Amino acid sequence: MTNTLITVCATGAEIAKDDFAPLPTTMEELATTARDCQAAGAAMIHVHVRDENHKPTLDVPRLKEAVAAVRESSDLIVQLSTGGSVTDPLENRLKVLDAEPDSCSLSMGTLNFGDEIFMNPWSFITDLFQLTQERQVVPEFEIFDFGQLYALNRLFAEHGLPYGGRVHVDFITNVPGGMPGDPLLLAEALRNLPKDVTSWAASGIGRAHLPILLATLAMDGHLRVGIEDNTFFARGQKVESNAQLVQRAAEFATLAQRPPMSIEDAREMLQIRPKG
Ligand code: KMH
Ligand code: ZN
């Protein structure tokens with residue numbers, strides 16, 4: 001049994017600030033979130049950036065500002081989203097790596113995303129993957145549905161392993177259009193993990209949050225929690241902050257005898273490029 005890497009997905013691109021005040025959208029809120037989530041047990045932060053009007057943006061100077069803000073307030077591994085929002089052009093999503101994150105998300109297939117389409121054509125996947133290799137950025141492979149898991153085999157056969165040689169997969173379950181947030185399906189997916197996978201995490205969107213969290217801990221996986229994925233802390237009770245979700249995840253992990261992984265150990269597990 002390994003200690004538990006906790007990643008906080010703090011903001012996302014789908015929730016409007018007007019609808020949910022605790023959503024961190026300014027640089028100050030992002031910095032405070034990073035600091036508080038580190039104190040609560042997170043080792044990595046998955047970042048979507050918002051503009052001055054709290055709208056999602058992939059503006060590179062703003063992304064750089066966000067990376068700097070997190071690094072100033074915390075030691076967290078900085079993972080930038082290359083998924084962005086469903087309306088972001090693919091070429092802008094490739095430019096995310098210009099902001100020099102430690103890690104980036106890399107979604108392994110196109111899917112219906114609620115009423116929208118989240119586009120990840122094969123040519124985009126391979127372009128982004130090769131860019132991560134060139135820039136020495138560690139990708140986290142986002143798996144929204146079963147078949148996307150098998151696409152990893154094709155990717156590695158055609159282009160080799162990621163920078164650092166480790167393969168970290170994250171199952172994002174319960175997106176309307178993707179695999180349901182059902183622990184039994186997650187267990188089945190794990191029986192089909194490609195041989196090159198060295199670590200995995202999972203998250204359940206919305207009401208799948210707790211079932212997937214508990215199942216993941218039981219099956220030796222790592223956790224992703226945060227307002228991007230879930231705005232309810234309990235039945236009828238809204239989330240107050242990302243740190244509140246991280247703290248509960250850390251408590252469950254500790255009870256399961258798999259306490260939060262240190263940032264140092266997480267950097268080693270994922271083979272993040274050394275600082276400096
Ligand atoms: N916002 C979604 C369309 C990622 O960050 O890479 C895509 C997403 C995945 O959130
Ligand atoms: Zn995201």
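A few comments on the model shown:
- Of the residues making up region 24-39, just one is within 15 Å of ligand 2 (Cβ to nearest atom) and of a type in the set (A, V, I, L, M), namely LEU30.
- Number of the condition not met by PRO176 [criteria: (1) under 23 Å from GLY114 (Cα atoms); (2) within 15 Å of ligand 1 (Cβ to nearest atom); (3) of a type outside the set (D, E, K, R); (4) buried (at least 16 other Cβ atoms within 10 Å of the Cβ)]: (4)
- Elements of type helices (runs of 4 or more DSSP H) in region 1-112, at least 1 residues being within 16 Å of ligand 1 (Cβ to nearest atom), of a type in the set (Gly, Ala, Ser) and modelled with pLDDT of 95 or more: 60-73
- Of all residues making up region 71-96, the number that are more than 13 Å from ligand 2 (Cβ to nearest atom), of a type outside the set (S, T, N, Q) and touching a residue at least 40 places away in the same chain (Cβ under 8 Å): 4
- Some residue of region 197-216 being closer than 21 Å to ARG35 by Cα, modelled with pLDDT of 95 or more and β-branched (Val, Ile, Thr): no
- Qualifying positions in region 238-259 - closer than 18 Å to LEU214 by Cβ and not in a loop (DSSP other than H, G, I, E, B): GLN244, LEU245, VAL246, GLN247, ARG248, ALA249, ALA250, GLU251, PHE252, ALA253, THR254, LEU255
- Qualifying residue in region 11-34 (condition: free of Cβ contacts under 8 Å to residues at least 40 places away in the same chain and surrounded by 18 or more Cβ atoms within 10 Å (Cβ to Cβ)): yes
- Note on region 199-220: among residues that are assigned to a loop (DSSP other than H, G, I, E, B) and free of Cβ contacts under 8 Å to residues at least 60 places away in the same chain, the one that is surrounded by the most Cβ atoms within 10 Å (Cβ to Cβ) is ILE205.
- Any hit, region 109-130, residues being free of Cβ contacts under 8 Å to residues at least 12 places away in the same chain, charged (D, E, K, R) and under 30 Å from LEU184 (Cα atoms): yes
- Check on ASP127, acidic (Asp, Glu) and assigned to a helix (DSSP H, G or I): yes
- Qualifying residue in region 262-272 (condition: out of contact with any helix residue (DSSP H, G or I) (no Cβ under 9 Å at 6 or more places or on another chain), outside any loop (DSSP other than H, G, I, E, B), surrounded by 23 or more Cβ atoms within 10 Å (Cβ to Cβ) and modelled with pLDDT of 95 or more): yes
- Filtered by the rule that a residue be surrounded by fewer than 21 Cβ atoms within 10 Å (Cβ to Cβ) and in contact with a strand residue (DSSP E or B) (Cβ under 8 Å, 6 or more places away or on another chain), region 229-238 gives THR231, PHE232, LYS238.
- Selection within region 40-62: residues that are away from ligand 2 (no atom under 14 Å from the Cβ) and under 15 Å from GLY226 (Cβ atoms). The member of this set that is farthest from the chain's Cα centre (by Cα) is ALA40.
- The residues of region 156-173 that are surrounded by 23 or more Cβ atoms within 10 Å (Cβ to Cβ) and more than 14 Å from THR198 (Cβ to Cβ), listed by number, are PHE171, ILE172, THR173.
- Tabulated pairs, region 170-195, first part of a loop (DSSP other than H, G, I, E, B), second among the aromatic types (Phe, Trp, Tyr) and surrounded by 20 or more Cβ atoms within 10 Å (Cβ to Cβ), C-beta under 7 angstrom, 6+ apart or interchain: VAL175/PHE144; MET179/PHE144; LEU193/TRP200
- Across region 233-255, the number of residues qualifying as more than 12 Å from THR33 (Cβ to Cβ), small (Gly, Ala, Ser) and out of contact with any Pro (no Cβ under 7 Å at 6 or more places or on another chain) comes to 3.
The values are calculated or read from the model by the stated rules, or taken from the named source; none is laboratory data. Fair warning: this is a prediction, and the values are worked out from it, not measured in the lab. Cβ atoms come from the backbone with ideal geometry, glycine included; neighbour counts cover every protein chain shown.
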